[in-house]
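I have placed the structure first, in the form of structure tokens, so that the comments after it can refer back to it.
The values are calculated or read from the model by the stated rules, or taken from the named source; none is laboratory data. Computed from a predicted model, the values in this text were never measured in an experiment. Heads up, the Cβs are rebuilt from the backbone with ideal geometry, glycines too, and the neighbour counts pull from every protein chain shown.
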């Protein structure tokens with residue numbers, strides 16, 4: 001089973017990239033599980049026909065000890081298994097702690113042993129890499145980390161912070177930084193800006209996703225380009241990303 005985490009600044013297209021990666025991997029015949037680690041709980045919406053699924057935390061609050069796997073794991077496009085950790089009631093509690101609680105419940109219910117996915121992808125908010133948001137890095141859930149960024153200053157600032165967090169834990173045998181995915185915003189000199197940034201960060205650019213209106217058209221229909229705009233050139237882009245992720249990630253028997 002491969003285990004990776006996708007980090008990035010909020011609003012940078014991280015969840016869109018992750019959902020398309022999951023769809024591409026599923027199209028290659030792999031069993032994929034995508035775990036959304038953001039209080040907004042919208043990571044898997046594009047795989048679920050545009051609908052939000054019940055979150056682990058919401059179901060925990062409602063069902064407590066009666067909670068079952070089928071209450072929190074849902075099959076989406078291409079057979080992708082979708083999970084959303086969710087977050088606390090607004091203004092009450094810690095979002096990071098919510099992720100920890102969700103992960104603990106998945107482990108308690110033996111989700112990975114029962115579903116036996118070929119690859120698990122954690123979609124993690126990367127504006128603040130602390131507490132629960134760092135859990136995929138520091139607790140051994142993910143083996144490799146990919147960062148999604150544009151060439152915008154704040155996105156690259158977040159990318160640098162994420163890379164620092166990964167390095168802080170790498171000496172303990174936890175996740176390793178595998179590379180940066182450029183989700184283009186078409187700013188002037190963007191590819192050159194990012195090329196310099198990855199050198200400073202100490203990683204490599206592993207994929208370039210061009211800006212395209214096909215993404216917005218697919219999202220308006222509640223899905224990915226594979227489902228809603230199958231003739232889009234982006235389908236090939238995301239398939240190449242899937243092949244790259246498989247090449248850079250390690251299978252293990254955990």
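Answer yes if at least one residue in region 168-177 is modelled with pLDDT of 90 or more, touching a helix residue (DSSP H, G or I) at 6+ places or on another chain (Cβ under 7 Å) and over 18 Å from residue 250 (Cα atoms), and no otherwise.
Going residue by residue through region 168-177, those that are modelled with pLDDT of 90 or more are 176-177.
Now restrict to residues that are touching a helix residue (DSSP H, G or I) at 6+ places or on another chain (Cβ under 7 Å): 176-177.
Filter again for over 18 Å from residue 250 (Cα atoms), leaving none.
So far as region 168-177 goes, no, none of its residues is modelled with pLDDT of 90 or more, touching a helix residue (DSSP H, G or I) at 6+ places or on another chain (Cβ under 7 Å) and over 18 Å from residue 250 (Cα atoms).
Condition check: under 19 Å from residue 22 (Cβ atoms), under 19 Å from the mean Cα position of the chain (by Cα) and touching a residue at least 40 places away in the same chain (Cβ under 8 Å). Does residue 237 satisfy that?
On the way: under 19 Å from residue 22 (Cβ atoms): yes; under 19 Å from the mean Cα position of the chain (by Cα): yes; touching a residue at least 40 places away in the same chain (Cβ under 8 Å): no.
No; evaluated as a whole, the condition is false for this residue.
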Checked region 57-77 for anything part of a helix (DSSP H, G or I), more than 17 Å from the chain's Cα centre (by Cα) and farther than 19 Å from residue 132 by Cβ; matches are 62, 63, 64, 65, 66, 69, 70, 71
Out of (1) assigned to a loop (DSSP other than H, G, I, E, B); (2) surrounded by fewer than 22 Cβ atoms within 10 Å (Cβ to Cβ); (3) in contact (Cβ under 8 Å) with a residue 40 or more places away in the chain, the one residue 141 does not meet is (2)
Taking first residues from region 168-179 that are in a strand (DSSP E or B) and second residues anywhere that are at pLDDT 75 or above and loosely packed, with under 14 Cβ neighbours inside 10 Å, the pairs with Cβ under 6 Å that are 6 or more apart or on different chains are 179/204
Of the residues in region 31-43 that are over 23 Å from residue 180 (Cβ atoms) and in contact with a strand residue (DSSP E or B) (Cβ under 6 Å, 6 or more places away or on another chain), the one that is modelled with the lowest pLDDT is 41
task = Return yes or no: is residue 103 under 15 Å from the mean Cα position of the chain (by Cα), part of a helix (DSSP H, G or I), at pLDDT 85 or above and farther than 24 Å from residue 227 by Cβ?
result = yes
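Let's see how each residue does on (1) buried (at least 21 other Cβ atoms within 10 Å of the Cβ); (2) in contact with a helix residue (DSSP H, G or I) (Cβ under 7 Å, 6 or more places away or on another chain):
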position: 46; (1), (2): yes, yes
position: 50; (1), (2): no, no
position: 53; (1), (2): yes, no
position: 56; (1), (2): yes, yes
position: 65; (1), (2): no, no
position: 72; (1), (2): yes, yes
position: 79; (1), (2): no, yes
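Please determine, by comparing only the residues of region 44-77 that are out of contact with any strand residue (DSSP E or B) (no Cβ under 8 Å at 6 or more places or on another chain) and within 18 Å of residue 125 (Cα to Cα), which one is modelled with the lowest pLDDT. Steps first, please.
Just the residues of region 44-77 that are out of contact with any strand residue (DSSP E or B) (no Cβ under 8 Å at 6 or more places or on another chain), to begin with: 45-46, 49-51, 57-71, 77.
Retained after the next criterion (residues that are within 18 Å of residue 125 (Cα to Cα)): 45-46, 57.
Details: 45: 97, 46: 97, 57: 90.
So, considering only residues that are out of contact with any strand residue (DSSP E or B) (no Cβ under 8 Å at 6 or more places or on another chain) and within 18 Å of residue 125 (Cα to Cα), the one modelled with the lowest pLDDT is 57.
Looking at 206, 198, which one is more than 17 Å from residue 43 (Cα to Cα) and assigned to a helix (DSSP H, G or I)?
Working: 206 fails: assigned to a helix (DSSP H, G or I).
It is 198.
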Of the listed residues (195, 155, 178), the one being over 30 Å from residue 78 (Cβ atoms), touching a strand residue (DSSP E or B) at 6+ places or on another chain (Cβ under 9 Å) and surrounded by 14 or more Cβ atoms within 10 Å (Cβ to Cβ) is 195
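Going through region 78-100 one residue at a time, which ones are assigned to a loop (DSSP other than H, G, I, E, B) and at pLDDT 90 or above?
Taking region 78-100 as the starting set, the residues that turn out to be assigned to a loop (DSSP other than H, G, I, E, B) are 80, 85-94.
Of everything in region 78-100, those that are assigned to a loop (DSSP other than H, G, I, E, B) and at pLDDT 90 or above turn out to be 80, 85.
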Within region 209-226, residues surrounded by fewer than 18 Cβ atoms within 10 Å (Cβ to Cβ) and either in a loop (DSSP other than H, G, I, E, B) or in contact (Cβ under 8 Å) with a residue 40 or more places away in the chain (or both) come out as 210, 211, 212, 219, 221, 222
